[in-house]
Amino acid sequence: MAKVIDITDRLDFDGNPYIRVRDVEVEVNADASTMLKVMGVLSRGEGTGTKEVLDMYELMFSGEERKKIDAMKLSFKDFTKLVYAAISLVNGEDGSLGEQ
């Protein structure tokens, strides 16, 4: 019989994190497959332009969460900060990446 190692107690099953903007909370998809895709976008080496920010936005936020964000009518600068804060949050940082 093959060896089995149970790592259940080492894993974190708390669910997805949230980001709050004013009085609106939006859920960030933090599952591994989503974040690997986001990291792939970041590692393309072409820089992070409008298309890359939009790609990451669509990966990390569900349709329902994107509706909440779109309703905020954020400036592009603030929108970009939101996307990068989500990446930072999922990576275990405090959710702030400084000025982007």
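Determine whether Gly15 is of a type in the set (Gly, Ala, Ser) and loosely packed, with under 10 Cβ neighbours inside 10 Å. Answer is yes for this residue.
The set of residues in segment 1-20 that are assigned to a loop (DSSP other than H, G, I, E, B) and hydrophobic (A, V, I, L, M, F, W, C) comprises Met1, Ala2, Val4, Ile5, Ile7, Leu11, Phe13. When Asp23, Asp14, Asp31, Asp6 are screened for being out of contact with any Lys or Arg (no Cβ under 6 Å at 6 or more places or on another chain) and closer than 16 Å to Met56 by Cα, only Asp31 passes. Among the residues of segment 49-63, those identified as out of contact with any helix residue (DSSP H, G or I) (no Cβ under 7 Å at 6 or more places or on another chain) and surrounded by 10 or more Cβ atoms within 10 Å (Cβ to Cβ) are Lys51, Leu54, Glu58, Ser62. Report whether or not Lys51 is under 15 Å from Val83 (Cα atoms) and touching a residue at least 12 places away in the same chain (Cβ under 8 Å). No, not satisfied.
Here Val90 passes the criteria (1) surrounded by 17 or more Cβ atoms within 10 Å (Cβ to Cβ); (2) free of Cβ contacts under 8 Å to residues at least 60 places away in the same chain; (3) in contact with a helix residue (DSSP H, G or I) (Cβ under 8 Å, 6 or more places away or on another chain) except the one numbered (2). Pairing each residue of segment 21-44 that is open to solvent by less than 40 Å² (accessible area, probe 1.4 Å) and part of a strand (DSSP E or B) with any residue that is at pLDDT 90 or above and among the acidic types (Asp, Glu), provided the two are 6+ apart or on different chains, yields C-beta distances under 6 Å for Val26/Glu65.
The values are calculated or read from the model by the stated rules, or taken from the named source; none is laboratory data. Everything numeric here is computed off the predicted structure, so don't read it as measured data. Cβ atoms come from the backbone with ideal geometry, glycine included; neighbour counts cover every protein chain shown. For accessibility, only protein heavy atoms count, side chains too; no ligands or nucleic acids. Shrake-Rupley method; radii C 1.70, N 1.55, O 1.52, S 1.80 Å.
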